[in-house]
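The values are calculated or read from the model by the stated rules, or taken from the named source; none is laboratory data. All of these numbers come straight from a predicted model, not from anything done at the bench. A quick note on method: Cβ atoms are made from the backbone with ideal geometry, for glycine too, and the neighbour counts reach across all protein chains shown. Heads up: the accessible areas ignore ligands, DNA and RNA and are worked out on the full protein's heavy atoms, side chains in. Shrake-Rupley method; radii C 1.70, N 1.55, O 1.52, S 1.80 Å.
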Amino acid sequence: MKPMIRSLFIACMLPLCGMAQNNSSKGKAATQKVFKNASYRNLFKEAGYKQADIDKKVEKAYKDLFEGPDRIYFEVGDSMAYVSDIKNKDARTEGLSYGMMVAVQLDKKEVFDKIWRWSKKYLQHQDGPRKGYFAWSFNPATMKKNSEGSASDGELYYITSLLFAANKWGNNTGIHYYNEARFILDEMWKKNGTGNIYNLINTEHKQITFVPEGNNYNWTDPSYHLPAFYEVWAVYAKDGHEQFYRDCADTSRAFLKRTTHPVTALNPDYAEFSGAPHSTRWMPAAFRYDSWRVPMNIAMDYTWFGKDKAWQEGYAKRFQQFLRSKGIDSFEDQFELDGSRPEFVLQAGTVKKLRHSIGLIATAASASLVNREKQSLDFVHKLWNAKLEPYEDGYFDPYYDGLLYLFCLMHLSGKYQIIQ
């Protein structure tokens with residue numbers, strides 16, 4: 001390039017460079033504004049535990065689930081792996097996507113990539129009405145899908161963990177995480193009822209569906225309501241639906257107010273979009289296993305975005321007060337919404353029994369991030385002293401109990417964050 005032409009070229013490009021830098025700065029400023037309320041408290045440290053011991057506890061829980069003799073993570077060849085619900089003898093999108101979220105939060109890239117490759121190969125539909133969605137349950141013994149259909153929470157976690165992976169590791173290390181997240185979202189937005197398959201989110205009610213198929217599109221699961229994830233999508237998905245996702249976050253916050261009991265704070269496993277309990281042919285509505293996740297999800301939204309603090313603090317107080325009234329060392333894991341013992345007990349795997357479950361102990365402790373009362377730390381100490389091990393009768397669930405236990409250790413140690 002001749003000197004004069006080169007000088008003219010540089011002179012013309014400098015303003016453009018300045019504009020690009022200015023736009024980049026504006027974008028970062030806007031993002032920072034969205035995340036301005038994020039506050040990752042280390043509640044274990046506030047409760048008096050040493051940082052070295054906290055780090056060891058989180059790492060031990062991770063190793064128990066992903067590397068130990070009772071692990072739920074199984075490698076397939078050199079490049080794939082799955083997470084198994086041992087008691088139900090399957091791999092499901094719930095646990096696989098949870099495993100990916102654990103991996104991206106704790107910087108376990110190899111584990112993340114292996115779970116994603118397995119999920120994409122064996123569960124994700126690449127054509128037909130379900131294109132982009134995942135079969136929710138798979139039998140690793142027979143290598144066959146137990147169901148072709150989706151469970152909406154799995155996709156919710158897949159998308160969010162992929163967006164976080166793109167932010168954390170970039171898209172040039174073998175997997176284009178952002179494109180994979182966008183593929184799910186873009187295909188979701190094409191669903192219009194063809195083949196009886198719909199959007200993961202009921203677009204009229206702006207609420208997550210129980211299943212995006214048939215009549216199951218018209219009701220929901222309170223534990224699938226993750227307003228914090230929608231806020232993340234509104235910033236990082238960049239698919240033109242930003243306002244819709246922000247609306248969904250606000251709608252979920254309003255829904256949680258309606259579906260939780262005004263005294264006990266308990267919610268049903270399944271609900272109408274109005275918040276009213278939804279019974280199914282397999283069980284009457286009550287607070288059961290899915291419901292354990294609601295206090296953890298509310299704690300996440302409180303910690304990450306803090307947009308509904310007054311109600312969330314009141315909810316956490318009511319929820320912990322109710323469990324304390326049942327005995328902090330003995331509260332059971334299923335209730336009618338008024339707090340009475342359930343007439344119907346949902347079995348876990350092959351076991352039908354009420355117990356003092358570590359999964360609920362964990363999520364109850366996560367509510368201490370929201371309940372600012374000092375006595376709330378009792379639940380934190382309770383979780384610290386809990387052990388992920390078989391119960392006296394031999395029952396052991398390192399999958400569901402274990403993943404909720406690990407998630408809540410991460411939340412309470414400030415290790416579960418928005419990855420910008």
_Cα-based equivalent ellipsoid of the chain: semi-axis lengths in Å, sorted from largest, via gyration tensor_ = 36, 25, 23
*So which trypsin sites (Lys or Arg not before Pro) in region 295-374 end up in coil per DSSP with only 11 or fewer other C-beta atoms within 10 Å?*
K352, R372
*Kindly report the accessible area of region 40-122 per residue (heavy atoms of protein chains, probe 1.4 Å, no ligands, DNA or RNA), in Å².*
43 Å²
*Considering only protein heavy atoms and a 1.4 Å probe, what is the carbon-and-sulfur percentage of the accessible area of region 180-272?*
47 percent
*asked:* Let me check against my output: what whole-number percent is the relative contact order of the chain, with C-alpha pairs under 8 Å and at least 6 apart?
replied: 16 percent
*asked:* Straight-line reach only, C-alpha to C-alpha below 20 angstrom: list the aspartates and glutamates that K50 could link to, leaving out same-chain residues fewer than 8 apart.
replied: E59, D378
*Between D78 and A276, how many nm apart are label points set 7 Å from Cα along the C-beta direction?*
5.9 nm
*Could you work out the local net charge near E94, counting Lys and Arg as +1, Asp and Glu as -1, over the other residues with Cβ closer than 12 Å to its Cβ?*
-4
*Counting only protein heavy atoms and using a 1.4 Å probe, what share of the accessible area of region 312-420 belongs to carbon plus sulfur, as a whole percent?*
46 percent
*Given a cut-off of under 8 Å on Cα pairs at least six residues apart, what relative contact order in percent is computed for region 49-119?*
24 percent
*For region 59-95 and region 287-343, compute the distance between their C-alpha centroids and round to whole Å.*
28 Å
*So, with +1 on the Cβ of K and R and -1 on the Cβ of D and E, and no other charges, what is the size of the charge dipole of region 20-100 about its Cα centre, to the nearest 20 debye?*
660 debye
*Among R41, R281, R117, residue whose mean-square fluctuation peaks in a GNM of the chain (springs only between Cα atoms under 10 Å)*: R281
_222 nm mean residue ellipticity, helices alone, for the chain (DSSP H n ≥ 4; -39,500 (n - 2.57); rounded to 500)_ = -15500 deg cm²/dmol
*Sum up the charges of everything whose Cβ sits under 13 Å from the Cβ of Q347, counting Lys and Arg as +1 and Asp and Glu as -1, but leave Q347 out.*
+3
*Which of the listed residues, P129, I115, T160, is farthest toward the dipole's positive end in region 74-199, when Lys, Arg count +1 and Asp, Glu count -1 at the beta-carbon?*
P129
*asked:* Taking 0.36 nm per residue of sequence separation and subtracting the Cα-Cα distance, how much length would be gained by fully extending the chain between Q417 and K353, in nm to one decimal?
replied: 19.6 nm
*Work out the length of the dipole vector of region 166-222 about its Cα centre, built from +1 on the beta-carbon of each Lys and Arg and -1 on the beta-carbon of each Asp and Glu, and round it to the nearest 20 debye.*
160 debye
*Within a Gaussian network of the chain (alpha carbon springs, distance under 10 Å), most fluctuating of G77, G154, G306*: G77
*Let me know the charge dipole size of the chain about its Cα centre in debye, to the nearest 20, where only the beta-carbon of Lys, Arg (+1) and Asp, Glu (-1) is charged.*
1240 debye
